[in-house]
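Remarks on the structure that follows.
Every read-out reported here was derived from the displayed coordinates using simple, explicitly stated rules and does not represent laboratory data. Model, not experiment: these values are computed from the prediction. Every residue, glycine among them, receives a Cβ derived from its backbone with ideal geometry; neighbour counts consider all protein chains shown.
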Amino acid sequence: MTRTQRTFSPVDGSLYVERELADVTELEHVVQRARRAQAEWRRVPLAQRCQLARAFVERFSLAKDEIAKELTWQMGRPLRYGPSEVRGVAERATFMAEAAPGALADIDVGPKPGFERFIRRDPLGVVLVLAPWNYPYLTAVNSVIPALIAGNAVILKHSDQTPLCAERFFDAIAEAGFPEHVFQVVHADHAAIGTLISGGSVDFVAFTGSVAGGDAVSRAAAVRRVPIGLELGGKDPAYVRADADFKSAVENLVDGAFFNSGQSCCGVERIYVAQPLYERFVEAFVALTNDYRLGRPLDPEVTLGPLVRASAADFVRAQTREAVKQGARALIDPKHFAADAPGTAYLAPQVLVDVNHDMRVMNEESFGPVVGIMPVSSDEAAVALMNDSRYGLTASIWTADRAAALAIGDQLATGTVFLNRCDYLDPALAWTGVKDSGRGCTLSRLGYDALTRPKSFHLKLGA
C-alpha cells in the first residue's frame, strides 16, 4: 500500500507538496545501490572529488531565486532572506573542498630506521544524513558535501516539512557530474529510517534536530553500534558587560534572538546584562524589536514570518503565558504586530524581564521569537547563569576587553564562544555542542574525522 507524505505551508496552511514514502525494502535497495557506487567513487582522485563539489556549488547557486521561494513556502522564512542560505551553502561547501587536501592527507608519524609508517583516512562507506527544516540547506551541506569529498556515498533524508530541499541537492549534484547513486534522496517516515539504522545497513548517521529525535537515533544506532553525529538543540546565552559597544550589542542581539522567527539552534534565547547597562539595554532592545514587521513572508518588506506550524507558535505562547503567571513582565504588545493571531503560526516577538531560571522560558528550548533578559552583578554571576542549562551550543560575550572575554569563555560549557557577535557559523571552525546540544562536530578540518576511519600502514623495508 502506497503511503504519502504531505507538506502544508505555514504561509497559509495550504497543501504545498506530496511525496510517496519509501518502505524498508525500498530503503535497503537504495543502500545497495549506494554501496556499489561507493566502491568506485572512493577510487576517484581527491582532486576530482573536490572539483565536482565546486561544480555543485555553481549549479546550486544558479537556482537561488527558485530556492528562496520554495524555502518561504515550505518553512515560512521571509523571502528577502532566502538567498542568504544559498550563499551559506556555497561558502561552506567551498571551504570544505579547499580544506580536504590537508585534512585527508596521509599522516606521517615520523622516521624509524628500516620502516615506513603513516596513517591514511579511509571513507566509512554509506553515510545517512537526516536534516531538519529550520535551516534546511545549511544543516544538510555540513555533512553531505564533506562526506562525498571524503569518498563516501550519501543518502539524504530531509524533514517532511522541506522535502524539496533534498531534491534541490540531488538536482545540483547530478548536474555537477557526480556518478549515479553516489548521492541519493529518500522520503521516509521515522519508523522506516529507524529500522534502516538499527539494522546496521548504513555506516554513519549525521543527525540534526531535536534532543528527542537525537535520542531516537541513538537508540536505533546502538543496536548495531552504528557511529553517529548529533547536532541538537540549544538555549544559547549572551552576556553584555558594562564596557560593551552598546549599539552593536543591541542590534546584533535583537537579530540573534528573532532572525528566522527564533527558529535556530544557536539563536539567542537568554540575555544577561551588567546591572549599570540593564535598564538602558532593555529599553533599546524593545524599541528595535518593535521595528520588526510580522506578516506574509512573500512580501519583500516583511522581516518576521510565521513559525513552521501553529503548534510551534502555541508552544511559545504557552511558555510566555506561564512565565508571566510566575512574575515575568512581557514588554511587547502583540497588538503592535497586526498579523499576530492566536491559534495560527503568526506570532509576534516577545521580550520578557523579571525572569528567573525557575521559568521554562529560561531553561527549556523555545525555538521561537521570545527572549528573557536578566541583570547580573558580576562576571561570576553571568558565568553561573550561562552554564545553568542542559544545553551548550554557543554563547556570546559582548565586551571591549578581549582578555576578560577569553577568561569568561574558558569557563563556559559550550561548543562555540563568540566575542561581539552571535548566531553565526564559520566553516573554518568546528561546529560542535556539549551536554544536550550534541555529540561530535561538523565543518572545519576536524569535520572530516567523523566521516573517515584511520587505517595504519606499518611497512618494513628491505629484507
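If you count, for each residue, the other Cβ atoms within 10 Å and average over each peptide, how do 447-456, 19-28, 367-376 line up from highest to lowest?
367-376, 447-456, 19-28
If the reach is capped at under 25 angstrom between alpha carbons, list the lysines near Lys455, excluding any in the same chain fewer than eight residues apart.
Partners found: Lys112.
Starting with the fewest neighbours, write out Val154, Val353, Val383 ranked by other beta-carbon atoms found within 10 Å of each beta-carbon.
Val353, Val383, Val154
How many nm is it between the label spots at Ala381 and Val24, if each spot is 7 Å from the Cα in line with the beta carbon?
Result for the modelled spin labels: 5.7 nm.
In whole percent, what relative contact order does the chain give with Cα contacts below 8 Å and a gap of six or more residues?
It comes to 19 percent, rounded to a whole number.
Roughly how many nanometres apart are two label points built 7 Å out from the Cα toward the Cβ at Asp255 and Leu446?
It works out to 2.6 nm between the two label points.
Just to confirm my numbers, what's the Cα centroid distance between segment 37-58 and segment 127-205 in Å?
Answer, in whole Å: 16.
Treat every Asp and Glu Cβ in the chain as -1 and every Lys and Arg Cβ as +1, leave all other atoms uncharged, and give the resulting dipole magnitude about the Cα centre to the nearest 20 debye.
Its charge dipole is roughly 1360 debye.
How do His187, His458 line up, fewest other C-beta atoms within 10 Å first?
Starting with the residue having the fewest Cβ neighbours, the order is His458, His187.
Cross-link partners among lysines for Lys335, C-alpha distance below 29 Å, same-chain residues fewer than 8 apart left out?
Leaving aside lysines fewer than 8 places away in the same chain, those within reach of Lys335 are Lys69, Lys235, Lys247, Lys325.
If you count the DSSP beta bridges with both ends in the chain, what percent of them are antiparallel, to the nearest 5?
40
Tell me the relative contact order for segment 236-426 as a rounded percent, counting alpha carbon contacts under 8 Å between residues six or more apart.
29
What is the list of residues in segment 194-215 whose amide nitrogen lies under 13 Å from a point 7 angstrom out from the Cα of Arg3, following Cα to Cβ?
Answer for this model: 194-196.
May I ask which residue of Met386, Val308, Ala238 lies farthest towards the positive end of the charge dipole of segment 236-426, with charges of +1 (Lys, Arg) and -1 (Asp, Glu) on Cβ and the Cα centre as origin?
Val308
Tell me, what is the FRET efficiency for Asp243 and Asp426 to the nearest 0.05, using R0 = 22 angstrom and their Cβ-Cβ distance as r?
Calculated value: 0.35.
By per-residue mean of other Cβ atoms within 10 Å, what is the highest-first order of 158-164, 131-137?
Top to bottom by mean Cβ count within 10 Å: 131-137, 158-164.
Where a ≥ b ≥ c are the square roots of the eigenvalues of the C-alpha gyration tensor, would you call segment 224-299 rounded, which needs a/c under 1.5, or, failing that, prolate if a/b is larger than b/c, or oblate?
Oblate is the answer for segment 224-299, as a/c is 1.5 or above yet b/c matches or exceeds a/b.
Just check segment 9-75 against the gyration tensor rule for me: Cα atoms, a ≥ b ≥ c as the square roots of the eigenvalues, rounded for a/c under 1.5, and otherwise prolate or oblate depending on whether a/b exceeds b/c.
Oblate is the answer for segment 9-75, as a/c is 1.5 or above yet b/c matches or exceeds a/b.
Any idea what the relative contact order of segment 279-323 is, in percent, if you count C-alpha pairs under 8 Å spaced at least 6 apart?
It comes to 20 percent, rounded to a whole number.
Starting from the Cα gyration tensor of segment 236-426, take the square roots of the eigenvalues, sort them a ≥ b ≥ c, and report rounded, prolate or oblate (rounded when a/c is under 1.5, otherwise prolate if a/b is larger than b/c, else oblate).
Prolate, since a/c reaches 1.5 and a/b exceeds b/c.
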